[in-house]
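Nothing in this text is a laboratory measurement; each read-out follows from the coordinates by a stated rule. Computed from a predicted model, the values in this text were never measured in an experiment. When we count neighbours, we look across all protein chains shown, and the Cβ atoms used for this are built from the backbone with ideal geometry, even at glycine.
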Amino acid sequence: MFSIFQLPFSFSEIAIFAVLLIVGIIIILLLKAVIHFILPIIAAVVVWFLTHSLIYAGIAFVVIAIIQMIIRRR
């Protein structure tokens, strides 16, 4: 059947575009989170190399992340 009004794109193209858009937004948010936590990650790695304790490394990560959040809110 021929229609007068025909869209230049199909539903599958719109669905693929929406999925790619959502995936792109998720990737951008994840990269932003990783960039935000670079300093705590470095601190945790240094503590782990010095002590070989995951508990101390986790504590260092949490403490530095909290300090970083407090400093950025001011």
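Odds and ends about this structure:
Yes/no matrix, rows are residues, columns are (1) surrounded by 10 or more Cβ atoms within 10 Å (Cβ to Cβ); (2) acidic (Asp, Glu):
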{"site": "LEU7", "(1), (2)": "no, no"}
{"site": "GLU13", "(1), (2)": "yes, yes"}
{"site": "PHE17", "(1), (2)": "yes, no"}
{"site": "ILE41", "(1), (2)": "yes, no"}
{"site": "ALA44", "(1), (2)": "yes, no"}
{"site": "LEU50", "(1), (2)": "yes, no"}
{"site": "PHE61", "(1), (2)": "yes, no"}
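- The residue list ILE28, ILE67, ILE22 contains one member that is more than 17 Å from the chain's Cα centre (by Cα) and either in a helix (DSSP H, G or I) or surrounded by 10 or more Cβ atoms within 10 Å (Cβ to Cβ) (or both), which is ILE67.
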